[in-house]
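Take a look at the structure set out below.
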Amino acid sequence: MTTGFWVILLTVLVYGLAHSILASYGAKRRARQWFGTNSERWFRLFYNFIAAITLLPVLVLPVVLVDKELYSIPFPWVILTISIQLLAITALVLGLRQTGLWSFVGLRQLIREPDITPTPLVTGGLYRWVRHPLYTAGLIFIWFSQVMTYNLLALFIGLTIYIVIGAIYEERKLEREYGQSYRDYQARTPMLIPGLKIRK
């Protein structure tokens, strides 16, 4: 393994830890204490902005650090991997449409007054197959890359760990919000891989 591999992997894990803390109930509670209930309107947009800005240096590292190619997928198999990535992008767009793109970004909360009633639990469409189709689509997209290097491998491993841990933390929040309804949904629907159910 190259030095860049470990630097990138550590950087991604630190990035994931920082953003998991920022997305926690504790961070939202502190924002409410410091800035009042109005913080609920801009917190999601603020979180996404910070996540996007701080991700840029992480994505630059694989480019600037010394690297070595592991493999590249030849023609015609590269057509298959590109097609799978396009399907992943399509699934990502459909998943965002199901849950609401503007809510995901945080613009809906900024424009409208905070609603104390929880949004309905989405269990149809892509959410019928997995509980986190957006994460599944993201994982499929990165792992079907046409080129793999040590630096990209480190980036993808780190992002995978971040996504899985993030999904686990998100599950806890959803259980708290929806209670038994979400636990029933968990019992019948896999987390990330269709058909794969892992018992708690």
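Take region 63-81 and flag every residue that is surrounded by 13 or more Cβ atoms within 10 Å (Cβ to Cβ) and either under 13 Å from Gln146 (Cα atoms) or among the hydrophobic types (A, V, I, L, M, F, W, C) (or both). Listed by number, the residues that qualify are Leu65, Ile73, Val78, Thr81.
Can you pull out the residues in region 118-135 that are surrounded by 16 or more Cβ atoms within 10 Å (Cβ to Cβ), over 15 Å from the mean Cα position of the chain (by Cα) and more than 15 Å from Tyr182 (Cα to Cα)? Hit for region 118-135 is Leu126, nothing else.
In this structure, is Thr37 over 26 Å from Asn151 (Cβ atoms) and more than 21 Å from the chain's Cα centre (by Cα)? Yes: the conditions hold for Thr37. Taken as a whole, the condition of being of a type in the set (S, T, N, Q), within 29 Å of Ala18 (Cβ to Cβ), in a helix (DSSP H, G or I) and without any contact (Cβ under 8 Å) to a residue 24 or more places away in the chain applies to Thr160. Residues in region 169-200 that are of a type in the set (A, V, I, L, M, F, W, C) and exposed (fewer than 12 other Cβ atoms within 10 Å of the Cβ) were compared, and the one that is nearest to Pro120 (Cα to Cα) is Ala187.
None of the figures in this text is laboratory data; all of them are computed from the coordinates on show. All values reported here derive from a predicted model rather than from experimental measurement. All Cβ positions, glycine included, derive from the backbone under ideal geometry; neighbour counts span all protein chains shown.
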